[in-house]
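Reading through the structure tokens given below for one structure.
Every number in this text was worked out from the coordinates using simple rules, so none of it is lab data. Note that the coordinates shown come from a computational prediction; the quantities given were computed from them, not determined experimentally. Positions of Cβ are generated from backbone atoms using ideal geometry, with glycine treated the same way; all protein chains shown enter the neighbour counts.
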Amino acid sequence: MNELIFFVNKVLISGTIIGCIYALGAIGVTLVFGILRFANFSHADMMTVGAYIAFIFASLMPGAGALIGLPTGFVVLPLAIICLAAFAIVVDRLFYRPLRERKVRPVMLLVASLGVTLMLHGLVRLFAGTSPRSFFQDEKKDVFRFDVPFELASRDIVISEPQVLLIITSIVCIFALHWFLTHTKLGKAMRAMSDNADLALVSGINTEKIVRATWIIAGSLAAVAGTLLSLDVVLKPDLSFNLLLPIFAAAIVGGIGRPYGAIAGGLLVGFSETLAIFNWSILLRPSAEFLPEWIDIPARMAFVPTEYKIIVPFVILIAVLIWRPTGIFKGQVL
Amino acid sequence: MLIKASNIVAGYGGEPVLNGIDLSIDSGQIGVIVGPNGAGKSTALKSVFGLIQLTQGTVSLAGDDVTHVPPDQRVSLGISYVPQEMNIFPSLTVRENLEMGAFIRNDDFSSVIDNMYDLFPPLKQKATAVAGQLSGGQRQMVAIARALMIGPRLLLLDEPTVGLSPAFVYEIIERIKAIAARGVGVLIVEQNARRALEIADIGFVLAAGKNLYTDSGENLLNDPEVAKSFLGG
Ligand SMILES: Nc1ncnc2c1ncn2[C@@H]1O[C@H](COP(=O)(O)OP(=O)(O)OP(=O)(O)O)[C@@H](O)[C@H]1O
Ligand SMILES: [Mg+2]
């Protein structure tokens, strides 16, 4: 029984958490691709910048969270969202729009986004240094323990407050995005432009306005993902750069340009990772007494050692590109 | 004249594709552009809509010079264009396609959508279907209906019947007549030249980027030269 609870904690909960982060990141990447036709490599670092913006607000108003009984980092999230959405538009004005106006090929925009990511890298280190920081210096991180009502279960199912907030916020974001894309004029025009940009122009759709809306959404989601991730772990300059590969894997698995695919892809990559690094011998151990003696259950039996878990999205990415390059939801072929 | 394009010289950067063509129609008229493949028919339509830069010539809409007006602003002036290919939003529903056609409208256009369902009854049943999954004929209806959503003065159609079964060709041609009867000027590029010239008030025969013949549809159909070279005898 304890083994099963361990599985729930290590695989179900961890997988959901990281899956949500990947999904939020992948939606941003996929929306930008759908509208602007380039793979935005700076998206992961935008998440980091969002987390640092939230950290600045949180340090400016300590105790803001205590008033409502939520972590301060979470309470200031709306401010971080507004700032990062504005920041995304500024970045577009400075770096991407001039290229768009010159009608360059999309690969040029991709290279520009690499430049942006290096710049953000430097900026974060310049202003915040390299040492890790915690949102919970002066605050307690609440942890919920759920007692499992079984006699044999002495362990609890454990989930922290930031994790609960992360899951709830992700679900809210996804439903809000779905509503926006299917029920508002601007959202439908976004889907239209992603479908057929030339026809959108011919229909009189203001494509620059759609581009702006795309950056606002991508920036907002990056702020949410970055901040919530840094509340769960710690805030450091390479918070989300390492997530670039799994996020792109998620976006491509889901079918690039397809927001719902990105959600499915994010969860798929997240769960694959936690399943791959899970130590399966823990689940097998209770069966040891029923097995013949010559079968020895090794102490560690994971598919992939934890420190190599980046292999998982990499393998998924390669497999998808070979066997189904359009992804589950039939997106654009890159 | 509703639309008057004079002495258009245009192309795609290299040698000009159009070498000084003239096109003009009045409100409620149907103008048909015919000619062999590669004659520049699609290019002529694009230059009327402003999708390509003109090296020479002028375009005027109801007397106003629109030569340098970008295409999205021509939509606001009442010109709608249906491209030859990729003329729908495939992953949007039929209704959403129509709504996108009405993007520039800020009024309540639900009655316009109902008008489109009356004009193209199959679209009403398929309103919530994804447009990319419709039959070729129904897609073409979506494409034309999308363009009509702004209530255009001038409708530009590039090969609206290409690849359709004879029943659908008849259906679409009948609809085009109905649209023109409402006072809309319609300029069509047509592969089914004979069928199209039958409904044409004016026909333009293009070849190698030049006007070869310009006359009423009836006269062109009866001209043995035109029949021999462009209408398959
Ligand atoms: N986007 C483009 N870029 C470069 N050249 C083009 C482009 N589109 C068309 N052309 C060239 O311009 C010429 C005229 O093309 P256009 O499409 O106007 O012909 P068309 O009369 O519409 O032919 P079709 O009956 O095949 O549709 C052709 O030689 C074609 O190769
Ligand atoms: Mg053509």
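Give me the dipole magnitude in Debye, nearest 20, for the stretch B:85-151 about the Cα centre, with unit charges on the beta carbon: positive for Lys and Arg, negative for Asp and Glu.
Here the size comes out at about 200 debye.
Let me have the relative contact order for chain A, percent, based on Cα pairs under 8 Å that are six or more residues apart.
So the answer I get is 32 percent.
Restricting things to alpha carbons, find the Rg to Rh ratio for the stretch A:244-334 using the Kirkwood radius for Rh.
A ratio of 1.18.
Can you give the charge dipole size of chain A about its Cα centre, rounded to the nearest 20 debye, using +1 on the beta carbon of Lys and Arg and -1 on the beta carbon of Asp and Glu?
I would put it at about 1500 debye.
What number comes out for the charge environment of A:Ser160, summing +1 per Lys or Arg and -1 per Asp or Glu over other residues with Cβ under 13 Å away?
Result for the neighbourhood of A:Ser160: -2.
In percent, what relative contact order does chain B have, based on Cα pairs under 8 Å that are 6 or more apart in sequence?
Answer for chain B is 28 percent.
For the stretch B:85-151, what does the alpha-carbon gyration tensor say about shape, rounded, prolate or oblate, given a ≥ b ≥ c as the root eigenvalues, a/c under 1.5 as rounded, and a/b over b/c as prolate?
prolate
Enumerate the amide H contacts of B:Asn211 below 5 Å, restricted to partners 5 or more residues apart or on another chain; note that Pro and chain-start residues carry no placed amide H.
Close amide H contacts, sequence-distant or interchain: B:Asp22.
Looking only at A:Phe180, A:Phe57, A:Phe74, which one moves most when chain A is put into a Gaussian network model with springs between Cα atoms under 10 Å?
Looking only at A:Phe180, A:Phe57, A:Phe74, the biggest GNM fluctuation is shown by A:Phe180.
Could you state the principal axis extents of the C-alpha atoms in the stretch B:59-119, from the largest down, to the nearest angstrom?
Dimensions of the stretch B:59-119 along the principal axes of its Cα atoms: 36, 27, 21 Å.
Is the stretch A:1-99 rounded, prolate or oblate when judged by the Cα gyration tensor, a ≥ b ≥ c being the square roots of its eigenvalues, rounded requiring a/c under 1.5 and prolate requiring a/b larger than b/c?
In terms of gyration-tensor shape, oblate.
List the longest stretch of chain A that has no exposed loop site; here a site is one of the trypsin sites (Lys or Arg not before Pro) assigned by DSSP to anything other than H, G, I, E or B, with at most 11 other Cβ within 10 Å.
Between the exposed loop sites, the longest stretch runs A:141-299.
Report the one residue of A:Gly50, B:Pro166, A:Thr214 whose Cα lies farthest in the direction of the positive end of the charge dipole of the protein assembly as shown (charges on C-beta: Lys and Arg +1, Asp and Glu -1; origin at the Cα centre).
Result: A:Gly50, furthest along the dipole toward the positive end.
Would you work out which of A:Met61, A:Val32, A:Phe7 lies farthest towards the positive end of the dipole of the stretch A:1-102? Charges go on Cβ: Lys and Arg +1, Asp and Glu -1.
Ranked along the dipole, the leading option is A:Val32.
If exposed GluC sites (Glu not before Pro) are those in a DSSP loop with at most 15 other Cβ within 10 Å, what is the longest stretch of chain A that has none?
A:1-150
Arranged by the count of other C-beta atoms within 10 angstrom, fewest first, what order do A:Met1, A:Met190 take?
A:Met1, A:Met190
Using Cα springs under 10 Å in a Gaussian network model of chain A, which residue among A:Leu283, A:Leu12, A:Leu60 shows the largest mean-square fluctuation?
Evaluated over chain A, the most mobile residue of the options is A:Leu60.
Based on the Cα atoms of the protein assembly as shown, what semi-axes does the equivalent ellipsoid have, where each is the square root of 5 times one gyration tensor eigenvalue, given in whole Å with the largest first?
Taking √(5λ) for each Cα gyration eigenvalue gives 58, 26, 21 Å.
Counting DSSP beta bridges in the protein assembly as shown, what percent are antiparallel, to the nearest 5?
Counting only bridges with both partners in the protein assembly as shown, antiparallel ones make up about 60 percent.
Taking K and R as +1 and D and E as -1, what net charge do the other residues with C-beta under 14 Å from the C-beta of B:Ser80 add up to?
Charge balance in the 14 Å sphere: +4.
Quick check: Cα centre of the stretch A:1-76 to Cα centre of the stretch A:181-234, how many Å?
18
Just the Cα atoms of chain A, one point each, no solvent: what log10 I(q)/I(0) does Debye give at q = 0.15 Å⁻¹?
-1.26
Please rank A:Tyr260, B:Tyr170, fewest neighbouring Cβ atoms within 10 Å first, as an exposure proxy.
Ranking A:Tyr260, B:Tyr170 by Cβ neighbours within 10 Å, fewest first, gives B:Tyr170, A:Tyr260.
Using the reciprocal of the averaged 1/r over all distinct C-alpha pairs, how large is the Kirkwood radius of the stretch A:102-235 in Å?
About 19.0 Å, per the Kirkwood formula over Cα pairs.
What net charge do the residues around B:Ile144 carry, taking every other residue with its C-beta under 14 Å from that of B:Ile144, with Lys and Arg at +1 and Asp and Glu at -1?
-1
When the helices in chain B are scored as -39500 (n - 2.57) per DSSP H run of 4 or longer and the sum is shared across all residues, what 222 nm value do you end up with, to the nearest 500 deg cm²/dmol?
Per the formula, -10000 deg cm²/dmol.
Two-decimal Rg/Rh of the stretch B:8-64 from alpha-carbon positions, Kirkwood Rh?
Ratio value, two decimals: 0.96.
Would you calculate a helix-derived [θ] at 222 nm for chain A, using -39,500 (n - 2.57) for each DSSP H run of n ≥ 4 and dividing by the full residue count, to the nearest 500?
Estimated from H runs of four or more residues: -20000 deg cm²/dmol.
Among the helices of chain A (complete DSSP H runs), which have Cα atoms covering no less than 20 Å along the helix axis and a Kyte-Doolittle mean of at least 0.0?
Qualifying helices, which must be both long enough and hydrophobic enough, are A:14-36, A:43-60, A:77-91, A:106-128, A:161-183, A:207-232, A:259-277.
Picking from A:Ile35, A:Ile282, A:Ile263, which is most flexible by a Gaussian network model of chain A using Cα springs under 10 Å?
Of A:Ile35, A:Ile282, A:Ile263, the Gaussian network model singles out A:Ile282 as fluctuating most.
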